[in-house]
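I am attaching a structure below and will ask some questions about it afterwards.
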Amino acid sequence: MSAAEDIAALPPRVNRGVAVLGLLYRNPIAALAALTLASIAFGAAFAPLLAVADPTALSPATRLRPASADHMLGTDHLGRDVWSRMVYGARISVTVGAAAAVLAVASGLLIGLFTGFIRWLDPVIMRIMDGLMAIPGVLLAIALVSVSGASLTTVIAAITVPEVPRVVRLVRSVVLSVREEPYVEAAVAVGTPLPLILWRHVVPNCVPPLIVQATYIAASAMLTEAILSFLGAGTPPQIPSWGNMVAEGRLLFQIAPMNLIWPGIALAVTILAVNLLGDALRDRLDPKLAKRVGQR
Amino acid sequence: MIRTTTNRRQLLGGAAAAAGLAALPRGARAASGGTLKVIPHASLTILDPVATTGYIVRNHGYLVYDTLFAQDANLEVQPQMASGVEISPDGLTYRIGLRDGLSWHDGSPVTAEDCALSLIRWGQVDGMGQRLFSYVESCTHDGTDTIVLKLSRPYGLVLQSIGKLSTNVPFMMPKRFAEYPTSQRIGADEVIGSGPFTFNAAEFRPGARVVYERNPNYVPRSEPASNAAGGKVAHLDSVEWINFPDPNTQLNALMTGEVDYWEQVPADLAPIVAGTRGVKVQNFNPLGNMGMARFNSLQGASANPGVRRAITRALNQTDLLLAAVGSPEFGEPCFSVFPCGTTYANAAGSDFIAEPDLEDAKKILAESGYDGERFVVLATTDIPVQTNYIQVVVDTMQRLGINVEAQAMDWATVLQRRASKNAIDDGGWNMFVTWWEGADLLNPVVQFALAANGDGAWVGWADDPQIEAMRTEFAEAQGVDAQKAIAERIQARFFEQNYHALLGQFFVPTGFRDNVSGILEAPPFFWNIQKT
Amino acid sequence: MALLILQRLLSTIPVLLVVAVTVFLMLRISGDPAAVLAGDTATNAQIDAVRATFGLDRPIWEQFLTWVGKVLQGDLGESLFTGQPVSLLIAQRVEPTAMLALTTILFSVAVAVPMGVIAAWRADTWVDRAVMVFAVLGFSVPVFVLGYALILGFSINLRWLPVQGYVSLLEDPIGFLRHIILPTLTLSFIYVALIARITRASVMETLGEDYIRTARAKGQIERRVLFRHALRNAAVPILTVIGLGVALLIGGVVVTESVFNIPGLGRLVVDAILRRDYPIIQGLILFFAAIYVGLNLMIDIAYTVLDPRIRY
């Protein structure tokens, strides 16, 4: 294999890095989205400093208080400080979104690479993936949480599993097209080990669409987390996730509407920002992906 | 409005029955008719009131089935299907006659044989029934309309057992179902009773809708209705239970008049419901409910009475009720194992919970020899009252210095997990939280939560021969004063052992449209209700 | 063609088998419904008796084979709680869910396709941006929050529409419409977003093709170009998204049915999961999977009709 081939495979990567920065400069919506996400990430990182109280400290005697000097956003039905729960909620929701995205993309990438290259494995794995896709994701997630007990880990796992098949399909389609490229065929012909081929030639081609896909998974993970809480199969109630807060807040919406509205806004704005950023990245990194079907 | 039984019986006599009913002047039922749309507190899936103790199945049972005896609003036992009872001078033979005109929903007459078999089936399952039947030599009939109950030894609570108000209620069923083994459940097309309403099997949508229709052949007693006793006059043409998965939708539906009756309004929402034009809120269950944190007295730290006592000492019912119920109007601290305001409620041994003291609790914990062992709480996530209770209980235990591990799970999983007697590291548990209706806690015998006979007791498997001996003593005692004295001793002993901690007495109000009247005291009964 | 359909039909068997095995194993990871069935005050002996009655104490593979054997004969088993056949429960509940899905798809396509076409046609103008922001918003709001907002506005404040419930189309068409409007709007939000995005992307791509330029050059009016040529060729990806979106739709149906109290299949399956009514969960998930697979099969076949270039 010649160096020229290597370079042929690599340049897009360099350009893309620059492209992302240029994008933020030229696309104000994407810039705004990135700024929003950055501040939410900041809030999540410095939650202990921003919070005024322990987000799990109970005080039933001062429940459902309106906003005051002590409690910037009031208290919830157990007397917990809503502002502190909001700040820590950023941490939980960002964790759920990021963990689900990373886990789904990583496992999907791994499965997809092998599926695309090991021919006998392909039909088996793809039937399993088709099967998983045929089960409605929310139902699969509720069932997984119900049978394995509610904890942050199980909720993340339950959200991740239904997302994996889509990633596998995406990676496999990239692998299938790359496999036929002359430089890959050449690498195979000269006996380059499979892992090396995958790493050098295939993975770089998967990265742009996967980054885009990861943002969408992160957004839908945060949404699914809220839906699981709504259906009573979410994270344990003492954990201050925005999804939990929305689900709890809805029960007393008529009495303390802000307890639903604040986390609801936080959730919607974050997901909106992630989605907008994802769209901008997609347009920039991989215009072809825009028309690839079934990406969501 | 209550028609006399004589009139009804004449109308129903012979072949003229149908014509007679048709001839009944419409004016005689001026205020009756219509459909009452109800939001029940849970969805009905199991239809056999003997197969399970769920309150929703009991409420369903009261619509469809009838009972031999029943408790009135003063908790006195009155005859219902029974015409009367004849007790032999030695107190060993009870001859219970059936009143005239009783028939099953399929048209066949109710016989003493049907009823005797129904009692036997119930007696195999219900705690109070099992106790009764341990005194029963035979439960038969005399071939006509009299049930004959022969005892081997005298027993004071025969009629209190047969006239039990709450779950499992001894409902009467036709022989063919009363002969089912208790492991076999009555199916959806087998719901045939003799109660004031019939079950519409074709319209049954488990989890969504249950429809009951007026039983035109029901003969009510002539006395006025009082709780489960007296004349069960069905004014409504039908009662429709509609299940709502979402509490906000429940509230909205009552406010817009899409339903007429919301069985359990969350206390926080009561002021909003009450403030809506055309809607009323009222508590129909003066006995209320009692919250409990049940300990596993076999395994781990909760097997140590000192640890149980320390936790009980630390729990603050006022805080617990605020978290679980919200409005103080609907929660009342109660420091007796019997519902406050009822016959056997007392103060024996209750000093240490009446004034919770975290510091003192810490001392008790230190003396108990607790070594920081993991304490597993089965934390329900899908029942708000329990979820809120648990958060305060766990918070209190953490401040007390217990190494709490709250494992979040849905109620179905709690029911599975709590059945395990395994060690804590092997799927075992130390505590779960639930509540009982006051009607199930009225005395030491009816109260299954007090049972302390090991394997036969409620999960947690309290094992205390002293308490069991006193419960038997209570059952055999004559006269309320003697019984009260025993009840106090039982409570004093219980507060030494603390097989569960009491979390306060709370009341769940009912919301209804203002054109609905005649609602009786709970458990929700649907006869006597009128909708105009 | 017939051979092709048969081939595709056969290929669905392993998929459904995977679904069956996955669901069955997952449900048996931990515990069973015996304790729930036995009730609140049951002793352990009673729970064991219930377990034996329903065969829940037999080895998993044996339970699985028994179940699959019955399913192959068209028998989905009976609910552990009510004892009713699962097929009956599905039949009783299928209408509300099917109607809600149908109205949602019809409404979404009717709204989203024109939106997407216009956005593509006016690409990079404010119209395009407005459409796209709306589309992204559709993915960003939890379904139940939207449902509550609509109820608050149209049912509580304006009192135009009922809060909850379902009325059969056959029994009362007006009542059906009044009850179905808000749930449809709620559920359509995310679906409109999905279809509008795909439509825009597909139409933009076809607008760049030679024959469109030819058509334009020939002086055909713009609307004709858009809807006759561009949209026709964008139909394939749009159809695909509708097919794949069915899984998403079913997830949304579960929540929407809860918010609007519609007695459909979504509620049935969530209730069953929370109670561990195994036969209902297994039967329904298999049923949903079969619908998903069947629908996508039909869409595959529709491709060959819509786009003569596609051949298998």
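The values are calculated or read from the model by the stated rules, or taken from the named source; none is laboratory data. Just so it is clear, the structure is predicted and the values come from calculations on it, not from any experiment. Cβ sites come from the backbone with ideal geometry, for glycine too, and all protein chains shown count toward neighbours.
So A:L152 fits all but one of (1) surrounded by fewer than 21 Cβ atoms within 10 Å (Cβ to Cβ); (2) touching a Gly at 6+ places or on another chain (Cβ under 6 Å); what number is the exception?
(2)
Separate question: So, in the range B:205-219, exactly how many residues are in contact (Cβ under 8 Å) with a residue 40 or more places away in the chain and farther than 14 Å from B:F525 by Cα? Steps first, answer last, please.
Looking only at the range B:205-219, we keep the residues that are in contact (Cβ under 8 Å) with a residue 40 or more places away in the chain, and these are B:206-208, B:210, B:212, B:215-217, B:219.
Add one more test, that the residue is farther than 14 Å from B:F525 by Cα, and what stays is B:206-208, B:210, B:215-217, B:219.
Matching residues across the range B:205-219 total 8.
Anything in the range B:204-252 that is β-branched (V, I, T), under 20 Å from B:V516 (Cα atoms) and more than 14 Å from chain C (Cβ to nearest Cβ)? List them, or say none.
Correct list: B:V233, B:V239.
Can you name the number of the only condition in (1) under 29 Å from B:A449 (Cβ atoms); (2) surrounded by fewer than 23 Cβ atoms within 10 Å (Cβ to Cβ); (3) at pLDDT 95 or above; (4) touching a Gly at 6+ places or on another chain (Cβ under 7 Å) that B:Y94 fails?
(4)
Which condition breaks for C:L137 when tested against (1) surrounded by fewer than 15 Cβ atoms within 10 Å (Cβ to Cβ); (2) within 14 Å of another protein chain (Cβ to nearest Cβ)?
With respect to (1) surrounded by fewer than 15 Cβ atoms within 10 Å (Cβ to Cβ); (2) within 14 Å of another protein chain (Cβ to nearest Cβ), C:L137 is out only on (1).
Can you tell me how many residues within the range C:88-106 are of a type in the set (G, A, S) and either in contact with a helix residue (DSSP H, G or I) (Cβ under 6 Å, 6 or more places away or on another chain) or away from chain B (no Cβ under 14 Å) (or both)?
2
Can you tell me how many residues in the range A:104-143 are within 14 Å of chain C (Cβ to nearest Cβ) and part of a helix (DSSP H, G or I)?
In the first step, residues of the range A:104-143 are kept if they are within 14 Å of chain C (Cβ to nearest Cβ); the result is A:122-143.
Cutting the leftovers down to part of a helix (DSSP H, G or I) gives us A:122-134, A:137-143.
Adding up the residues that qualify gives 20.
I'd like the residue in the range B:507-531 that is in contact with a Lys or Arg (Cβ under 9 Å, 6 or more places away or on another chain) and among the charged types (D, E, K, R) and, out of all such residues, is farthest from B:N289 (Cα to Cα).
Result: B:K531.
Within the range C:235-274, can you find the residues that are at the interface with chain A (Cβ under 10 Å from one of its Cβ atoms) and either in contact with an Asp or Glu (Cβ under 7 Å, 6 or more places away or on another chain) or of a type in the set (D, E, K, R) (or both)?
C:V236, C:S258, C:V259, C:G266, C:L274
How many of the residues in the range A:231-248 are more than 19 Å from C:L274 (Cα to Cα), surrounded by fewer than 24 Cβ atoms within 10 Å (Cβ to Cβ) and either over 22 Å from the mean Cα position of the chain (by Cα) or not β-branched (V, I, T) (or both)?
1
Continuing with the same structure: Go through the range A:206-244 residue by residue and tally those that are within 14 Å of chain B (Cβ to nearest Cβ) and of a type in the set (S, T, N, Q).
Number satisfying all stated conditions: 5.
Can you tell me how many residues in the range B:476-532 are without any contact (Cβ under 8 Å) to a residue 24 or more places away in the chain and of a type outside the set (S, T, N, Q)?
4
Please work out which residue is nearest to C:L194 (Cα to Cα), limiting yourself to the range C:209-240 and to residues that are among the polar types (S, T, N, Q) and crowded, with 18+ Cβ neighbours inside 10 Å. Step through it out loud before you land on a result.
Quick first cut of the range C:209-240, residues among the polar types (S, T, N, Q) only: C:214, C:220, C:233, C:240.
Checking which are crowded, with 18+ Cβ neighbours inside 10 Å leaves us with C:233, C:240.
Values: C:N233: 18, C:T240: 11 Å.
Ranking the candidates gives C:T240 first.
Anything in the range C:107-117 that is buried (at least 19 other Cβ atoms within 10 Å of the Cβ) and away from every other protein chain (no Cβ under 13 Å)? List them, or say none.
Listed by number, the residues that qualify are C:S108, C:A112, C:V113, C:M115, C:V117.
Further question: Residues of the range B:257-269 being modelled with pLDDT of 90 or more and closer than 23 Å to B:V385 by Cβ, which ones? Let's see the steps before the verdict.
First, pick out the residues of the range B:257-269 that are modelled with pLDDT of 90 or more: B:257-265.
B:V259, B:Y261, B:W262, B:E263, B:Q264, B:V265, listed by residue number.
I'm trying to understand the selection: among the residues of the range C:248-281, which are touching a strand residue (DSSP E or B) at 6+ places or on another chain (Cβ under 9 Å) and not in a helix (DSSP H, G or I)?
Hits for the range C:248-281 are C:N261, C:P263.
Going by what's in this entry, would B:P271 be described as more than 18 Å from B:V516 (Cβ to Cβ) and within 12 Å of another protein chain (Cβ to nearest Cβ)?
yes
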